[in-house]
Every structure is written in structure tokens, then in C-alpha cells.
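A.B. asks: Sharing a structure, written as C-alpha cells. Questions coming.
Computed from the coordinates by the stated procedures, all read-outs in this text should not be read as laboratory data. Just so it is clear, the structure is predicted and the values come from calculations on it, not from any experiment. For neighbour counting, all protein chains shown are included, and Cβ atoms are generated from backbone atoms with ideal geometry for every residue, glycine included.
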């Protein structure tokens, strides 16, 4: 684990809870407590909430989130602790002595009900006209506590204007319950720092710098705040109405590409346990909805490996052979649009380190309105390209002015897993029961290398499989092609492979220890960038960064809720699916080789691919005017 | 804001950061110093403080908007705060309020056209035994009679 | 200022306002040593004078026992409770007591730094306090090797607040010192373990610290002779409102409200607010109650209302205060206070039902137990007590009022 230097301790992340002892066998390592007259033993420093969860005692929570530090502000989890005058919040109270706890006394139930009533009194709108209907933690609490009226009233007018400015994230503070999960997500968890509490007392609200619209501040559109919002105060900018319109328009040829991460998670929207991919079922469902063609984003993931891999080898050659000092190494991946915007804002002087390769989504868009249009004999103006993504930032990405290389808007709409699920439900389809089917030609089913892009370390693993083999002529020296150092959820991973017995073309790499770093979540990206700034990455060649925790499977467009455990299961689903695929290396994807033979004839990083598949970046900086 | 003004402000903030330190615990002192001199903390100042202290601008904004004596909008050269809490209220705050408003031609919460005075209410000044009390910048005036209050206001530049 | 000079003051009282020579407290402290200081303090039964009443000796012992290499003494001079101004008097007229109390505390628990958190409204005192600290340094009562004691280094710096009542709550005060919004923290852990910058921190009220030098000089037992069993010593009362002699009075705990009213020459009194806006409002029938932790507890604020006052208006003033001063982080306080204020407005407009008001009183009780800090826990006190104790006046149930709050 890389140690963070100069670690900032944000207000909400101070050590409010005592650390548990590591060795519980020591005297004083555990403590006996009584919860609802049942005696249990827990490690010293366990919170009341944790102790209750271990013993199947349900405590309602709202501001608490497993990914985030403790806030203790909503007060819904209050319990009675004997000998204490006031009620205590279970989420924040560390058990340090043999206390007696009661979790459901009259005082407790009344207090919780009052708190819920108070929150509802200021929560604008009705449940039936809300996109979080049936997946809202406030609604669940209201149900749990039998709320059937508004004893303290119910707000009739909007207090805040809805912020629709961002292509990715919409903020409606009228529905905010001030749990500050978004603040903790943005400042502590992602370390982007867009949202904080503004004003005080009853005027307190979550806001941006000077309450500016989201599109004018340094929001990177990662959407992690959406994933953790208990209500509908935060949501993604939903284009499904326009997509329906396009589907219903007989003149339009509507195609969709689907990324692996939403496929591994969309089942959750239909009540399925996390950990199963619904790729084949989704293909059928999408055709039934009315999409004219269903393509696999993994195809362009494979293409990304070819482009980005070639770019890396070119940089290496320039640096090692031509001794070109201007070449920037390590090369950073560029497929996460949240990460791209992060570096544009926070490290604008380091944009040259980013690979110029577009993300798979945008590569696909550019190909669909050029190559595919020609192949299918269609007017690109009539093609509507939709991308099913795990991501909120993809909505921003497809609207970037740089993304019109086909002569049209390359990708018309980015759609999240949540919005896709809504469309599927609207079409009267129950996804888990769909028969399976394959992707459409001319892009077909892609390689497993493209598939694992969804989990953190996946791009690195895919790239290594191809690069190592291109350079040495042999498969990567890992059993079953599973490059273990790339996998797992550690914030920053570092590893290396030695390149030996290289083929003639890559003799200049003989004996080079190919070093790589993988980071996920922008808080970890920040660590890596600070390492780069200090020159600690001088001997590293390739860095993968994903803006979201866990990589795309933890993306801001994925089903709600999220937790480390859920993300782990989604990653597992991807790795399991991958293991069964016949082709697991990007360069072996025959559809890709075909494309280079028929269309991108000057090869990876050639002239045409530079026009269609590569891009440039904007020095945005942090200053907000 | 002119470039020159910006530069001057940056320089000033740099000096403050140097004086009070880069630690987060110095933030309030730095903001207070800016407030004292400029009577408000502009968006540029907030961002400069954030940059130099290596925190997010929204965090500075969050702190500024929390404290009643810090503000983000320009105010008058003198800030007059009349205590509105119970003892001063009972001692005749309302009369002072009306007199002062009439004299200056502005309501509480407003600034005179010549930017000389901003009128505000404040909570308990700790002068409850000598109310009504009023704070002019950091100076406190007690046992105000309407006439006295006007004299005080008319004397400040 | 010379070391031996007796500071002559206009005021007189049993403890704090009694005679005192600059530096004597520190000298005595160094003479008897840490343990005996704690013993004297324990014997005295001194409890926190800010209102919460936590035993001072316990607080000091807990942090003295901590092995941390860095500890802090914070003097809470964020006196913001409506009707309280005793700290103003202490800081202006008796700074030696306050600072010596801090120095003794620092010596006892092993802190090197003391911080006086002075509310922004008191900025005008800053200069005189800084000057006084300079004098103390010159007299070697502050700084390095205090009074020639080579192992005792302690200095005090003054930090200003910026207009936030909630910063009087000790953990909010610490947050504010650390440069954050003054939002109270979750407790436990308590500041004595995890305080300023994560280090053990003793936060004491100005008056608490000012009592310490006198206790050391004259003994815990002497201190205990004043007051009652459960409320030892004397207390500074800040008296304001409808009386002829408002001001700060030092009286032993156990003084009854009626006695106090006599001293301050209050006439025609209808009600007394004990403990400021966060305290309770007592009607004439309860003036025999005594001031003390066991009965009518208070940080010292006494506001007197005579027969001409409209109690609903008084209550409204208090609730407006809390709506503005709530930090806004926890639900019961942020939304609860505005609901209570709304209820008062509805009573004013005669648009309420008693069922609705009972609901709100119940809500008030929830706020008292479920709010995160003392502010939200005490803000409903006035609402509950005024509506209960003055219901005839407010609701006109005795036929005198018109039912919309006007007596």
C-alpha cells in the first residue's frame, strides 16, 4: 500500500471513532455488551451499529454509508445506552466499556419517527413522481416507521432551482436530506472537492463553490455522489426519452453498444443478486426494445489495446532508441472520462502523459458513423448511436466538442445501467428471463481482454497480454493469462514484467523491466499524480487510472446501492465470464484484424486511426471564474 | 477585478499564509484578516486562499458562509451590527432600529449608497446589562438612546 | 504591573471577586505539585461553569493521565448565550484569574499551549488581553521556565471566533480552531482524549478556570463551604432585563430566585429565564427554586421579565435565535427549531390546534434527547417551559387574554 504523504484530513473524516485493536486475544481486546438484554462480545471499539449488524438487530440508517467515513448527522440510528441522558447514534458510538444498549424503546421509536417526519416535511415532491421510487432510503424509512401523514407539514414549493446544467449529473436540492454523503464522497472519497455544506442553520444546503451550476465548476462527472445519494437529490441526466423517440422514428437506424460493466450489474435492477452478467439476455432485450443493431463495446476495447499499446511501444522506442527527451513516460490510460476531466482540472500540465487514444465508447461512435455506415450502406445522418455505460461521465464525454470526428456527433447518447433498466421495464420486458443471443456483425463478439476493462486493472491486464506477446512472441508468463498483480481492489497497485528474448522488431526492449501502476478512484489517482510530480514514476512505463472505485464496475451509472462488497461481486462476474471466452487477447480478435485490413489500412496509430480514434485534451485548470 | 488588484490581493494572501501557516487550523485567522481589511472575502480571494493552503475552494466557501462575521459579498466600509437578542430587544432595540433606518435611508441588511455603512442585526453581544447595544466594526456601544446612536453613525467615516 | 501588587477592584464577592494577588495561584500550584492540585480541585467539587456542569477535576485527571506528548488547554470565551456577560467582566477586570487558571491547568495536565477562544464580538478586548499576556511573560508567569521552573513551559495565544454561537460547544469550538465550520463532533471520543488536532484537550469555561487560583490558595474545603452539597462554591450571575440593577453578581450556589430578584431590585416580576435562551422560563410560583445544578441549573444567565412583557414574543425571540444559530448538520436541530418557530407564528395568528402543539412539544422532547449537541438538546427548553408555564397568558384560557398571545 502506498502511503499518502501530506494526507489531508477532511472535517468529515477525522478520527471520530476509535480504532479496533488488531490483536483481540490481548486482555482488553474485546468487551461484553448487552444489546436488548442479550449478552454479546465484540472487539473493543466496535460501533453499536456494527455490533447490532453482527447480531441480526436492524438499526435504521440514512447518513451512514459503508464506503464513507462516519457523519452521525441524520440521527435516525439513535439508540438508548444505559446511564446516558441522551440517545446515542449507533453509527458513531464506539463500544469501549460493558454498556447496556436498547435499540427499540418507546423513546427510540418516537425519536426516529420524529426525525423521519422532520425530513419528510422538507422533502419536496411525492414518491410516485420520482425516479428513485422503490429505491429510496428515505421512502424505505418512512415505510419502516409506518408514516401515513405529515405531522409537521410537507413542503409545497421548491426552495431551490434544479441544476440541469451538467450533461452528466443533475442536482435537485429540494429532495436533499443533508446526509452529506455526496460531500463525503466528493471531498473525502474521490478528493475532487466540488460539494460542501454552504451556509448554516436552516439555510444549510449542499452546494458548489459560490453555488455555481455544476457545469461551471470542477466536477469531473464521475457520478459517485449519485451512487451514494439516499434520495433523488442527485441523478444522472437521462436521455431515454430522446432515445425512445429515435427508436420510434422509422427513418432512424438506432444502434447500441453495451459495455461489460453495466451488463455485470444490470441484473441488480431486476432484483437479482450482484455477481451475474446478463450479456446474452440483454442483447435479446435490446433488440426487442427496438434497437436495430446491438454491438459490443469490448470490440473497441480490443481496438483501444491495439492503439494504446502501439502508442506505448512507439513512445518507448522514441525514448529508448531515439533518446527523445520530449517523450512523456509513463503513458497514462485515457478511457475513463472522469479521470480525463480530473487531470484536465487538477494536473493540466501533465496532459501529454495521457494516451491520445479515445475511450472505447468514442472509438465505436466514430467507427459507426464512418466504417459501419459505409458497410451497411446507410447515411450516417440517419444513424443514432447509443452507448450503454456504467458511467455518468460518458454523457459528458460524448458531448465534448472534440468528439465529432466522423463529421457527426460520434456518440449521440450515453445511457446508464439504471436508465437502460428503466427502458427495459417500460418495454414490458423482464430481463433475467430473456433468451440469450449474440452481438451483431460486423463487430461480433469481442475478446475477453476487452471484457475485463470493466474492473480496475483490466486495461492493464489486457494491454500486457497483447504487448508482451507482440514484443516477445510468447504469451504472458501467467497461468491462464490471469495477471494476478493487476487484479484486486488495492488503491494503488504496482508490478512489473521482464521482457526477454524479444522478437526482432522489438529488440530495443530486450531486458527491460516493464513497470506498471494501476489506480482506481480519483483519490488514488491523486496519489499517483503526486508521485509523478515528485519524479517517483520515472522508471514506470504505463499507468492505468479509472476515476471510479473498483473501476467501471463501480461507475456512477451503475445500479444503486453500491459497496465494496457489491463491486467485488461485479468484478467477479466479469472475470468469470472472461474465463469462458474462446478468445482472450485483443490482437486475436479477428474482427479487429479485419478492421485494420479493410478500413484502417495504415494500421494502429496510422493516419486514419489518428483522425478517428485519437483525440486531444483541454487544459482546464482549477480556477472558477 | 483588474490584474493589478488581483496580484496585490494574491500577494497579501501569500503574506497572511506565511504569517499564520499553511495548516488548515490557520484558515479562520487568514479569512478574518482578509475580512477585516476588505470587509468581504471575494471569490478570487477564496480561491487564492484555497490554492495556497492546498484545500478546495468550496471548502473555503463553506467555512466563510458558516460564520456570521465573514461574508462573500462586498459591504460598506463600516459594518454596524445592532443586537437583536432578548435583553437588548426589551431595552428598546426596536426604537434604535427605526431611528437608524430613517436616518440612513436604508433597511437592515442593506448598505448606504456611498458605501459608508452596512446595517445588520446580530445575536447577543454580551452587553445585556447595558442594552441596547451596537457593534460598530469591532467597537461596542451600549445603553444607546436614539439620538446617541445617530451621533455615533454620523461620526464614522 | 508588579508581581506583589494587590489588584484592587470595585467588585466584591466570596470567591472570584475576593482579593487576589497576581501570580499567587501559579506560585501555589508549583509549590504543591500536580497531584495536590488535582486533589484540591476534586475536594472543591468544582463543576464546569459554562452550564453543563461536568466535574472539572475529572476532566483534568483524564487528560493528565493521557500519555500523549502534545496536549492543549482551551479557554472557552465564546460567551454567546443570550443574557450572559460574566466572562466579559472576568476578561476585562480579572484577566489574571483566567490566565493563571489556564497556566495552572497547563502545568497540571502537561500541556505547553493554551488557547483562548475569544468570541468575535469581543474583539475589542483583544488588545488589552494581549497586553496582559505580555505582562505575564515579562513577569515570567508565562513562557519558558515559568517562575524558574525549568520543566514548565507554557504559552497562551488568543484566537478569535467569527460570530457563531454554536462554537461555544466544545467540539464545535475545536472544529473552529482547526479551521472548519463550527459543527459539533460525535462524542465519544471526548476532547480529553481526542481534541484539538487529535490531541488531548481540556476545554474549560472562563469562569471555571478563573476559580482555580482561588481554590488552590484557600483550599478545596474552603471553596466547598460556599454553595450547596451538589453545587459547591459561588457562581457569577449575569442579570439583565426588567430590574433596576442589572449586572454581574457573585453569589453562592443555592441562592433562590426570589433572593436574587431582591438583590437586583426587580419589581413586578412575572417570569425569570434561567440559563439564557437555552434555559427554562420560570413563573412567579417557582421563584422559591434555588439556583444550582440540582435544581435550576444555569451557566449564569438570568433574564427578568416584568408584568408588561409578552411571553410569546419572548419565546419567539429565543426561537429565532436558535434557527439562526443552529449549525444545521443534524436533523432534529436544523428542522426541529424551525418547526417550533412556525408553531409560535401559528399561535400568534391563532391558527393552531392543541393537538398540533402537543405534537410539537413531543418533538421538542425528541430534540432534547436526539440532537447531536447541547444546542439542539436545549433549544426546545424555552418552548416547552414557556408554553407550559404561561399557557393562561398565551392561550387566554383564563379569560383575560384574547387567545392570540396578547395578554
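A.B. asks: What FRET efficiency, computed as 1/(1 + (r/R0)^6) with R0 = 35 Å and r the Cβ-Cβ distance, is obtained for residue A:433 and residue A:581, rounded to the nearest 0.05?
C.D. replies: Between residue A:433 and residue A:581 the formula returns 0.90.
A.B. asks: Another question, if that's okay. When a/c is below 1.5 the answer is rounded, else prolate if a/b is larger than b/c, else oblate, so apply that to region C:216-339 with a ≥ b ≥ c taken from the square roots of the Cα gyration tensor eigenvalues.
C.D. replies: The shape class here is oblate.
A.B. asks: Also, quick follow-up: Could you list the residues of region C:353-372 with an amide nitrogen less than 16 Å from a label point located 7 Å from the Cα of residue A:85 in the Cα-to-C-beta direction?
C.D. replies: C:365-372
A.B. asks: Would any residue of region C:228-263 have its amide N under 13 Å from a label point 7 Å out along Cα→Cβ of residue C:93? List them or say none.
C.D. replies: Taking a point 7 Å out along Cα→Cβ of residue C:93, the residues of region C:228-263 whose backbone N falls under 13 Å are C:236-239, C:246-251.
A.B. asks: Now for a different question. I need A:155, A:169, C:264 ordered by Cβ neighbour count within 10 Å, fewest first.
C.D. replies: A:155, C:264, A:169
A.B. asks: Report the full-extension gain for the segment residue C:10 to residue C:391: residue separation times 0.36 nm, less the Cα-Cα distance, to one decimal in nm.
C.D. replies: Working: separation 381, 0.36 × 381 = 137.16 nm, distance 4.26 nm.
The residue C:10-residue C:391 span can extend by a further 132.9 nm.
A.B. asks: Continuing with this model, one more query. On each of the three principal axes of the Cα atoms of chain B, give max minus min coordinate, whole Å, ordered largest first.
C.D. replies: For chain B, the Cα extents along the three principal axes come out at 48, 31, 23 Å.
A.B. asks: What is the mean number of Cβ atoms from other protein chains located within 10 Å of the Cβ atom of each residue in peptide C:332-344, rounded to a whole number?
C.D. replies: Mean shielding count: 5.
A.B. asks: While we're here: Among B:58-66, A:582-590, A:37-45, how do they line up from the highest to the lowest mean number of other beta-carbon atoms within 10 Å?
C.D. replies: Those peptides, ordered most packed to least, come out B:58-66, A:582-590, A:37-45.
A.B. asks: If you wrap region A:132-210's Cα atoms in a convex hull and average its projection over all directions, what's the area in nm²?
C.D. replies: 6.9 nm²
A.B. asks: Take the alpha carbon gyration tensor of region A:419-548, find the square roots of its eigenvalues, order them as a ≥ b ≥ c, and report rounded if a/c is under 1.5; if not, report prolate when a/b exceeds b/c, else oblate.
C.D. replies: On the way: a/c = 3.06, a/b = 1.53, b/c = 2.01.
Because a/c hits 1.5 or more and a/b fails to exceed b/c, region A:419-548 counts as oblate.
A.B. asks: Something else: How many nm is it between the label spots at residue C:144 and residue A:215, if each spot is 7 Å from the Cα in line with the beta carbon?
C.D. replies: Computed distance between label sites residue C:144 and residue A:215 equals 6.2 nm.
A.B. asks: Can you sort A:222, C:243, A:182, C:333 by how many other beta carbons sit within 10 Å, fewest first?
C.D. replies: The most exposed by this proxy come first: C:243, A:182, C:333, A:222.
A.B. asks: By per-residue mean of other Cβ atoms within 10 Å, what is the highest-first order of B:82-93, C:350-361, A:277-288, C:133-144?
C.D. replies: So the order, starting with the most tightly packed, is B:82-93, A:277-288, C:133-144, C:350-361.
A.B. asks: Against the longest principal axis of chain B, how steep is helix B:27-38, in degrees 0 to 90 to the nearest 10, with axes from Cα atoms?
C.D. replies: Between the helix axis and the principal axis of chain B, the angle is about 60 degrees.
A.B. asks: If one takes the longest principal axis of the Cα atoms in chain C, at what angle in degrees, from 0 to 90 and to the nearest 10, does the Cα axis of helix C:56-65 lie?
C.D. replies: Its long axis makes an angle of about 50 degrees.
A.B. asks: Over region A:374-451, what number does the Rg to Rh ratio reach, with both radii from the alpha-carbon atoms and Rh per Kirkwood? Before the final figure, lay out each step's value.
C.D. replies: Numbers: Rg = 15.0 Å, Rh = 15.0 Å.
So for region A:374-451, dividing Rg by the Kirkwood Rh gives 1.00.
A.B. asks: Taking R0 as 30 Å, what FRET efficiency do you get between residue C:42 and residue C:288 from their Cβ-Cβ distance, rounded to the nearest 0.05? Provide the component values of the computation, followed by the final result.
C.D. replies: Details: r = 32 Å, r/R0 = 1.06.
Efficiency computed from Cβ-Cβ geometry: 0.40.
A.B. asks: By counting other Cβ atoms within 10 Å of each Cβ, how are A:534, A:569 ranked from fewest to most?
C.D. replies: Fewest to most other Cβ atoms nearby, the residues stand as A:534, A:569.
A.B. asks: Determine the gain in length on full extension of the stretch residue A:58-residue A:22; use 0.36 nm per residue of separation and subtract their C-alpha separation, reporting nm with one decimal.
C.D. replies: That pair, residue A:58 and residue A:22, stretches by 10.3 nm at full extension.
A.B. asks: Now for a separate question. Could you tell me how many cubic angstrom of Cα convex hull volume region A:115-262 has per residue?
C.D. replies: So the per-residue hull volume is 154 Å³.
A.B. asks: Just to be sure I understand the model, the point goes 7 Å from the Cα along the line to the Cβ. What's the resulting residue C:131 to residue B:156 distance in nm?
C.D. replies: Label-label distance for residue C:131 and residue B:156, simple model: 2.3 nm.
A.B. asks: In addition: Is region C:31-71 rounded, prolate or oblate when judged by the Cα gyration tensor, a ≥ b ≥ c being the square roots of its eigenvalues, rounded requiring a/c under 1.5 and prolate requiring a/b larger than b/c?
C.D. replies: Working: a/c = 2.69, a/b = 1.23, b/c = 2.19.
It is oblate, given that a/c is not under 1.5 and a/b is not larger than b/c.
A.B. asks: Once the Cα gyration tensor of chain A is found, what semi-axes does its equivalent ellipsoid get, as square roots of 5 times the eigenvalues, in whole Å, sorted largest first?
C.D. replies: For chain A, the ellipsoid semi-axes come out as 43, 29, 23 Å.
A.B. asks: Let me ask you something else. Which angle from 0 to 90°, rounded to the nearest 10, does the C-alpha axis of helix A:522-533 make with the longest principal axis of chain A?
C.D. replies: So the helix axis and the longest Cα principal axis differ by about 50 degrees.
A.B. asks: Also, quick follow-up: Could you work out how far apart the two model spin labels at residue B:38 and residue B:14 are, taking each label as a point 7 Å from the Cα in the direction of the beta carbon, and quote it in nm?
C.D. replies: The two pseudo-label positions are separated by 1.6 nm.
A.B. asks: Three principal axis extents, largest first, for the C-alpha atoms of chain C, in Å?
C.D. replies: In descending order, the Cα extents are 73, 42, 37 Å.
A.B. asks: If you wrap a convex hull around the C-alpha atoms of region A:215-259 and split its volume per residue, what is the figure in Å³?
C.D. replies: Numbers: hull volume 6.0 nm³, N = 45.
Value for region A:215-259: 134 Å³ per residue.
A.B. asks: What is the mean number of Cβ atoms from other protein chains located within 10 Å of the Cβ atom of each residue in peptide C:370-377, rounded to a whole number?
C.D. replies: 4
A.B. asks: Additional query: Taking R0 as 45 Å, what's the FRET efficiency between residue A:480 and residue C:35 from their Cβ-Cβ distance, rounded to 0.05? Please report the intermediate quantities before stating the final value.
C.D. replies: Numbers: r = 69 Å, r/R0 = 1.53.
Given R0 = 45 Å and the Cβ-Cβ separation, E is 0.05.
A.B. asks: Do you know the relative contact order of chain C, to the nearest whole percent, from alpha carbon pairs under 8 angstrom that are 6+ apart?
C.D. replies: Reported relative contact order: 17 percent.
A.B. asks: Looking only at C:371, C:128, C:240, which one moves most when chain C is put into a Gaussian network model with springs between Cα atoms under 10 Å?
C.D. replies: In the Gaussian network model the winner is C:128.
A.B. asks: Right, next: Compute the length gained on full extension between residue A:379 and residue A:34: take 0.36 nm times their separation in residues and subtract their Cα-Cα distance, giving the result in nm to one decimal.
C.D. replies: Going from the current span to full extension adds 117.0 nm.
A.B. asks: Let me ask something else about it. Students often check this: by mean Cβ neighbours within 10 Å, which of A:481-492, C:21-32, B:115-126 ranks highest, and how do the rest follow?
C.D. replies: B:115-126, C:21-32, A:481-492
A.B. asks: Mind jotting down the three principal axis lengths of region A:247-394 based on Cα atoms? Whole angstrom, largest first.
C.D. replies: 56, 42, 26
A.B. asks: How much mean residue ellipticity at 222 nm does the protein assembly as shown get from its helices, if each DSSP H run of length 4 or more adds -39500 (n - 2.57) and you divide by all residues, to the nearest 500 deg cm²/dmol?
C.D. replies: Working: 39 runs with 433 residues, N = 1189.
My calculation for the protein assembly as shown gives -11000 deg cm²/dmol from helical runs alone.
A.B. asks: In addition: Beyond 49 Å, what percent of the Cα pairs of the protein assembly as shown remain?
C.D. replies: 37 percent
A.B. asks: I'd like the mean, over residues of C:311-317, of how many other protein chain beta carbons sit within 10 Å of each residue's own Cβ. Present the calculation step by step, with values, prior to reporting the outcome.
C.D. replies: Working: counts 0, 0, 3, 3, 1, 1, 7.
Per residue, the average neighbour count from other chains is 2.
A.B. asks: Most mobile of C:219, C:292, C:279 per a Gaussian network model of chain C (Cα springs, under 10 Å)?
C.D. replies: Sorting by GNM fluctuation, first place goes to C:219.
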